[in-house]
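Worksheet: one structure, shown below.
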Amino acid sequence: MKTTALLLIAALTLTACGNRLGGAGDGAVDLNAGAGAGGVVPGSANDPTSVAYFQQTVGDRVLFAVDQSTLTPEGQATLAAQAQWLTANPGFTALVEGHADEQGTREYNLALGGRRANAARDYLISQGVAANRLRTISYGKERPLQVCSTEACYSQNRRAVTVLAAGAGV
Amino acid sequence: MKRLATAAVLAASVLAGPLGSPAAAQLRITITDPTLSPMPFAVPTFVARNAEAGELAQDITRVIAADLANTGLFREIPRENHVGRITSFEAPIQFSDWKAINTQALITGSVLVEGDGRIVVQFRLFDVVSEQPLGEGLQFVGTQDGWRRMAHKVADAAYSRITGEGPYFDSRVVFVSEQGPKDARQKRLGVMDYDGANVQYLTSSDAIVLAPRFSPNGDKIIYTGYESGFPKVTLIDVASLQKQTVGGVDQNMSFAPRFSPDGGRVVYSAEVAGNTDLYLLDIASGATTRLTTAPSIETAPSFSPDGSQLVFESDRSGAPQLYVMPAGGGEGTRISFGEGRYGTPVWSPRNDYIAFTKQNAGRFHIGVMRTDGSEERLLTGAFLDEGPTWAPNGRVVMFTRETAGAAGAPALYTVDITGRNLQRAATPAAASDPSWGPLLP
């Protein structure tokens, strides 16, 4: 919830002339509002400075092998692109969430998620992102993305997700 | 949230005038006997000493019967098969009536509601074969809302006298109540009587809560809570529901807290820069000691009953295994050597076993081993069993069993130390992470 609110504020601050299009004073904020240049709608997935672009085009997550927190070459490439984006967009901080699949005990998986989140964070730092813009959290096996109990789902659940929020870091 | 009411058993006393020589009774169950067959018992409805006690007498009798029958060690002879009728608690027992239906243990009792609303429950236990009482008659006085507790006290006395094991029915369990879809599960802390009655919720579902543990005297619960947005060791007072973060305040993530047996210290895990280690917090002074420093994961600690040692889970060997070390820190000794991955060790209050979760060949098991790791024995096996907790007498284990797939959900189960009598525990909703509290006073 808090993240959503922050993102809305971020969209407002980043948009050149963020304005309300909600109509009859209902306070709604249109993320696509503003004076986009060259046909790019600010805040949309084709705005390279948008959260949606980060999620969809840069890629906001890296996946891990069973019980591993070692980054794959693909994961490193994704994180390098994330670092590049974060460098180009200094108005954001990131919370790196570590997750595990359900094949493990609850508390071990919390610790494993912590390892994965930190592996991703460390890589972002190695690519030039300031440490004070990054925080980590583990959800262990508490927040699976996919709910089936086979490897097809498990492989998507063993992940570290970089979640953006507005701000310059602490 | 409202304060929790406390059902009270105010006094227990021995009744005068045993009707025979207790020493002569032979009634005995050895729960580790592999050839054990359930002992037939009868518990005729307790005698109501006044009209107000009528319904209570029936309710109390049913709870006693359920406690004993659910152990799997006893088999109730249905009331419709009874030949004898107990109409006076003081009258001599006609043992022939009970022998005729092959009764071995007979429980008789009475219930009185006093003018001030307090209730008085009296009971006696008889060995029908030798026609002798087993132990003295007992009397419990308590508040009316504590009637279930008095029934559990009676059943506890009967269970202990016949098995020689400690009592455990008059106890509570803290657990995590779960609602909602698997990818957005809402969790809140609940406490209930060991048999699922009297459920009360301690937290709202706004934040994830995990793996609660009772303090040794049951007045507080410590757990991992996301109330701040990050997992933190959190202490909640059971009566006032006041919460505070107590461990790992300055650390990125703190979790897996457990009380020391004296209640004065908490051992927990904290994650710093990706590395999870064990820490010890002195509650009174707030002083924290780091117990492990390895780059591996150290978590799921559990104190030995004398407080001198800790068993915990570590992947320092490459996969999670169980280790024992002094409670002040130091070299850990590995105790698990079987195939598979071991986790969530819990030291028995009797100091004879450590219960654990084992993951092997795609299945999860609850098992027990001696405190040096010998005599490993698996009690259960399923898609996902985890997180054992000991009954106060160290003879029954409760744990979480979660079913597979998108509609999978957790439930609480119990199994006895021999692996017999696997049963689902009653909870109003899906439930996980049980922790058995102390025997109530």
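The values are calculated or read from the model by the stated rules, or taken from the named source; none is laboratory data. All of these numbers come straight from a predicted model, not from anything done at the bench. Cβ placement follows ideal geometry from the backbone for every residue including glycine, while neighbour counts extend to all protein chains displayed. Remember, those area values only see protein heavy atoms, side chains included, never the ligands or the DNA or RNA. Shrake-Rupley method; radii C 1.70, N 1.55, O 1.52, S 1.80 Å.
Please go through segment B:179-205 and give me each residue that is assigned to a strand (DSSP E or B) and not acidic (D, E), ordered by number.
Here is the first cut: in segment B:179-205, the residues assigned to a strand (DSSP E or B) are B:179, B:186-193, B:200-201.
B:Q179, B:Q186, B:K187, B:R188, B:L189, B:G190, B:V191, B:M192, B:Q200, B:Y201, listed by residue number.
Condition first: surrounded by fewer than 18 Cβ atoms within 10 Å (Cβ to Cβ), hydroxyl-bearing (S, T, Y) and touching a strand residue (DSSP E or B) at 6+ places or on another chain (Cβ under 7 Å). Now tell me which residues in segment B:229-249 satisfy that.
Selection gives B:T245 alone.
Could you say whether any residue in segment A:64-71 is open to solvent by less than 20 Å² (accessible area, probe 1.4 Å) and touching a strand residue (DSSP E or B) at 6+ places or on another chain (Cβ under 6 Å)?
Pass one, segment A:64-71, residues open to solvent by less than 20 Å² (accessible area, probe 1.4 Å): A:64.
Next, only the ones that are touching a strand residue (DSSP E or B) at 6+ places or on another chain (Cβ under 6 Å) stay: none.
No, that holds for no residue.
If you take just the strands (runs of 3 or more DSSP E) that sit entirely in segment B:206-290, which of them hold at least 1 residues that are within 13 Å of another protein chain (Cβ to nearest Cβ)?
B:209-214, B:220-225, B:232-237, B:253-259, B:265-272, B:275-282
Just need a number here: residues in segment A:150-159 that are within 11 Å of another protein chain (Cβ to nearest Cβ) and part of a loop (DSSP other than H, G, I, E, B).
Matching residues across segment A:150-159 total 1.
A:V147 versus (1) among the β-branched types (V, I, T); (2) more than 16 Å from the chain's Cα centre (by Cα); (3) part of a helix (DSSP H, G or I): which is the lone unmet condition?
(3)
Could you please find all residues in segment B:327-369 being under 26 Å from the mean Cα position of the chain (by Cα), away from chain A (no Cβ under 14 Å) and closer than 18 Å to B:Y268 by Cα?
Those that are under 26 Å from the mean Cα position of the chain (by Cα), away from chain A (no Cβ under 14 Å) and closer than 18 Å to B:Y268 by Cα: B:A327, B:W347.
Please go through segment A:27-61 and give me each residue that is open to solvent by less than 50 Å² (accessible area, probe 1.4 Å), in contact with a Pro (Cβ under 9 Å, 6 or more places away or on another chain) and at pLDDT below 60, ordered by number.
Matches in segment A:27-61: A:A33, A:G34, A:G36.
Identify the residue in segment A:65-105 that is outside any helix (DSSP H, G or I) and more than 13 Å from every other protein chain (Cβ to nearest Cβ) and, among all such residues, is nearest to A:L124 (Cα to Cα).
A:A94
Restricting to segment A:114-142, name every residue that is over 24 Å from B:D277 (Cβ atoms) and either within 11 Å of another protein chain (Cβ to nearest Cβ) or of a type in the set (K, R) (or both).
A:R133
Given the conditions (1) surrounded by fewer than 24 Cβ atoms within 10 Å (Cβ to Cβ); (2) touching a Lys or Arg at 6+ places or on another chain (Cβ under 8 Å), report the number of the one that B:I297 does not fulfil.
Of the numbered conditions (1) surrounded by fewer than 24 Cβ atoms within 10 Å (Cβ to Cβ); (2) touching a Lys or Arg at 6+ places or on another chain (Cβ under 8 Å), the odd one out for B:I297 is (1).
Looking at segment B:413-435, which of its residues are among the hydrophobic types (A, V, I, L, M, F, W, C) and either over 27 Å from B:S205 (Cβ atoms) or not assigned by TED's automatic domain parsing to the domain that holds B:V396 (or both)?
B:V415, B:I417, B:L422
Taking only segment A:120-144 into account, find how many residues are open to solvent by less than 20 Å² (accessible area, probe 1.4 Å) and part of a helix (DSSP H, G or I).
Count: 2.
Could you figure out which of (1) surrounded by fewer than 21 Cβ atoms within 10 Å (Cβ to Cβ); (2) in contact (Cβ under 8 Å) with a residue 24 or more places away in the chain; (3) aromatic (F, W, Y) isn't true of B:Y226?
(2)
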